[in-house]
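Q: A single structure is presented below for examination.
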Amino acid sequence: MIKKILIMAKTYPSLSNKYGELVCTAGITEDGNLIRIYPIPFRNIEDYEKKYKKYDWIEIDLERNTSDFRPESHRVVDIDSIKVLGSINTENNWQRRKDIVFKSSIYTNMTELIEHSKMDNQKTSLAIFKPKQILSFIIEKIDREWSKNKLDAWNANREQGYLFEDFSTSNKDIVKKLPYKFSYKYIDDKNREATLMIEDWEIGALYWNCLRDANRDEVIACQKVKQKYENFIKENDIYLFLGTTKEWHNLSPNPFIIISVFYPKKEAPSLFS
């Protein structure tokens, strides 16, 4: 079925034992429903005109991904069906973007959202979450290289002539792994404090750009990333697009990660004014 979707999130590429290198894409339909396009090998798409960005409207042929229990998950029927229709700009403090985003339900209570993710008849795995307050931005060192298991699986898939079912072989080098984990610490509307990891493409690209500008000095690069995301806290009205991973959805006490940050400038009144 051809669907029209406003792209709201692209995660930083990860390695999958089954599919190779993947990007999780999420967006909003015209009537405000959240939808996940997964799996999709975004960097393998050769046609530049099909390489969508955040806040692009696209048309794409999708079907329900029946191998994924998460109700929002859909798979691409035909990669050639992708049509980028145009983007939504930031005029009037993101008003056209807000007109679409605010059609969706917005959670303010994380306990409620987690409960909905665990319900057998619901399994919510995509959501827009408005924190009452973001307390801090956290950077932590993590493994600098992909695990041997993931590298072995990636190389085996490439040697067999495919990196993704139904898509052609990619000759691209393996994506660089981020050596840091980025997170927001926040409180929800019941003043419960928690931390959510940020895994969107934007923050990964920002880190590599800052590292290049800092002449490969990781300390300076991290300082620049931290400065930008702390400025968001001070200056912007932040909404978090959250998603779960299939692997951890049923296992983790809080299965959600941040897959995108929506940040128009603050205006009065806000949701928690």
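Q: For the range 262-271, which positions are assigned to a loop (DSSP other than H, G, I, E, B) and either exposed (fewer than 12 other Cβ atoms within 10 Å of the Cβ) or among the polar types (S, T, N, Q) (or both)? Please lay out each step first, then the result.
A: Step one: of the range 262-271, the residues assigned to a loop (DSSP other than H, G, I, E, B) are 263-264, 266-271.
Those that are assigned to a loop (DSSP other than H, G, I, E, B) and either exposed (fewer than 12 other Cβ atoms within 10 Å of the Cβ) or among the polar types (S, T, N, Q) (or both): GLU267, ALA268, PRO269, SER270.
Q: Another question, then. Looking at (1) farther than 20 Å from TRP201 by Cα; (2) more than 19 Å from the chain's Cα centre (by Cα), which one does ASN89 not meet, given that it meets all the others?
A: (1)
Q: Follow-up question, since we're still on this one. Of all residues in the range 216-261 being β-branched (Val, Ile, Thr) and in contact with a Cys (Cβ under 7 Å, 6 or more places away or on another chain), which is surrounded by the most Cβ atoms within 10 Å (Cβ to Cβ)?
A: So, considering only residues that are β-branched (Val, Ile, Thr) and in contact with a Cys (Cβ under 7 Å, 6 or more places away or on another chain), the one surrounded by the most Cβ atoms within 10 Å (Cβ to Cβ) is ILE259.
Q: If a residue must be in contact with a helix residue (DSSP H, G or I) (Cβ under 8 Å, 6 or more places away or on another chain) and either under 12 Å from THR245 (Cα atoms) or crowded, with 22+ Cβ neighbours inside 10 Å (or both), how many such residues does the range 24-40 contain?
A: Total satisfying the criteria: 2.
Q: All but one of (1) surrounded by fewer than 21 Cβ atoms within 10 Å (Cβ to Cβ); (2) at pLDDT 90 or above hold for GLU46, so report the exception by its number.
A: (2)
Q: With ASP68, ASP80 as the choices, which residue is at pLDDT below 90 and among the acidic types (Asp, Glu)?
A: After ruling out the rest, the residue left standing is ASP80.
Q: Do any residues in the range 200-219 that are within 21 Å of ARG36 (Cα to Cα) have Cβ atoms under 6 Å from those of residues that are surrounded by fewer than 19 Cβ atoms within 10 Å (Cβ to Cβ) and modelled with pLDDT of 95 or more, where the two are at least six apart or on different chains, and which pairs are they?
A: What qualifies is GLY204/LEU178.
Q: Same structure again: Of everything in the range 84-122, what is modelled with pLDDT under 95, in contact with a Phe, Trp or Tyr (Cβ under 7 Å, 6 or more places away or on another chain) and in the same structural domain as ARG192 (by TED's automatic domain parsing)? Give them in sequence order.
A: none
Q: Okay, moving on. When you go through LYS54, LYS3 one by one, which is the residue that is surrounded by fewer than 21 Cβ atoms within 10 Å (Cβ to Cβ), within 24 Å of ASP173 (Cα to Cα) and modelled with pLDDT of 80 or more? Lay out the reasoning, then the answer.
A: Details: LYS3 fails: within 24 Å of ASP173 (Cα to Cα).
None of the other options fit; the residue is LYS54.
The values are calculated or read from the model by the stated rules, or taken from the named source; none is laboratory data. Quantities reported herein were computed from a predicted structural model and do not represent experimental measurements. Glycine gets a Cβ as well: all are built from the backbone with ideal geometry, and neighbour counts include every protein chain shown.
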